[in-house]
Amino acid sequence: MSETRRPLIAGNWKMNGLADESLRQMQELVSRARKFDNPGCDILICPPTTLLRELARVAVDSPVRVGGQDCHANASGAHTGDIAAEMLKDSGARYCIVGHSERRTDHGEDNTTVKAKAEAAHRAGLIAIVCVGETLAEREGDKTLDVISDQVTNSLPKGATSSNTVVAYEPVWAIGTGKTPTPLDVKAVHAHIREELGKLMNDAAKVRVLYGGSVKGSNAAELMAVENVDGALVGGASLTAEDFWPIVKTGI
């Protein structure tokens, strides 16, 4: 991890969590984090929207922040079942994930849609975590860097800066499978992302680039030590404080 970019360890709970147990896990995470006056990393939990406001209250005056998992491009309107970035901000969110591969795959979101959602997050005063990553077929077809270039170039809106945007590299084939690319593979892709960011913004060297995809306590330190890896976007291992904390500690 870079000495000049503050690491971000983010947990994406996806469609998991009911109130009682989720509150207990958040309270445990906050309790652990409060033992550090100034942790060396930012700590984030992105729960289902139903839990957002209550978890934000638990995290008040602590090093832990909360964020949304998705947002609509519009601030309001006739969009049944959707949620605006402004609503996330109103509920206590500081960040919003956009373009996760599960959104791109399950909901057919393309780069144009992701870009509009990132713009919406910026409009609401949220930090957008823009996800990019290749499928197994694309990797086996030696198209990884081409895919990453296309997604970075066309998913990041004008006005994206290091203060309002984070990029998360999540190889689709590694999410929830227990498989991870080698540190050399991660290094190559993150270096490529950094290069592509340099074509889009003046402060590309300050943009945090996270790695995500089967990150767990046993491999976090090795992954976080890779050049240009500035933290992690964690799925299943973020659902309990006990599993998430060893990953957080790699940034502290």
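The values are calculated or read from the model by the stated rules, or taken from the named source; none is laboratory data. All of these numbers come straight from a predicted model, not from anything done at the bench. With ideal geometry, Cβ positions are generated from the backbone for all residues, glycine too; neighbour counts draw on all protein chains shown.
Being surrounded by fewer than 21 Cβ atoms within 10 Å (Cβ to Cβ) and at pLDDT 95 or above is a property that holds for Ala78. Between Lys158, Lys143, the distinction of being without any contact (Cβ under 8 Å) to a residue 12 or more places away in the chain and within 18 Å of Ala121 (Cβ to Cβ) belongs to Lys158 only. Within region 226-242, the residues that satisfy the criterion of being closer than 19 Å to Leu55 by Cβ and in contact with a strand residue (DSSP E or B) (Cβ under 6 Å, 6 or more places away or on another chain) are Leu233, Val234, Gly235, Ser238. Screening Ala78 on (1) part of a helix (DSSP H, G or I); (2) without any contact (Cβ under 8 Å) to a residue 12 or more places away in the chain; (3) small (Gly, Ala, Ser) shows it passes everything except condition (1).
Being outside any strand (DSSP E or B), among the basic types (Lys, Arg) and under 30 Å from Lys187 (Cα atoms): is that true of Arg103 here? Yes, satisfied. In a loop (DSSP other than H, G, I, E, B), more than 19 Å from Gly68 (Cα to Cα) and not β-branched (Val, Ile, Thr), is that true of Gly125? No, not satisfied. Candidates are the residues of region 10-36 that are among the basic types (Lys, Arg) and more than 20 Å from Cys96 (Cα to Cα); the one that is surrounded by the fewest Cβ atoms within 10 Å (Cβ to Cβ) is Lys35. Check Thr182, Thr161 and return the single one that is more than 16 Å from the chain's Cα centre (by Cα) and of a type outside the set (Asp, Glu). When all the criteria are applied, what remains is Thr182.
In summary, Val60 fulfils each of the numbered conditions (1) part of a helix (DSSP H, G or I); (2) surrounded by fewer than 17 Cβ atoms within 10 Å (Cβ to Cβ) with the single exception of condition (1). Can you spot a residue in region 97-113 that is of a type in the set (A, V, I, L, M, F, W, C) and touching a residue at least 60 places away in the same chain (Cβ under 8 Å)? Checking region 97-113: at least one residue is of a type in the set (A, V, I, L, M, F, W, C) and touching a residue at least 60 places away in the same chain (Cβ under 8 Å). From the list Ala93, Ala137, the lone residue that is under 28 Å from Val64 (Cβ atoms) and either surrounded by 18 or more Cβ atoms within 10 Å (Cβ to Cβ) or of a type in the set (A, V, I, L, M) (or both) is Ala93.
For Pro39, the criteria (1) part of a loop (DSSP other than H, G, I, E, B); (2) in contact with an Asp or Glu (Cβ under 7 Å, 6 or more places away or on another chain); (3) crowded, with 19+ Cβ neighbours inside 10 Å hold in every case but one, which is (2).
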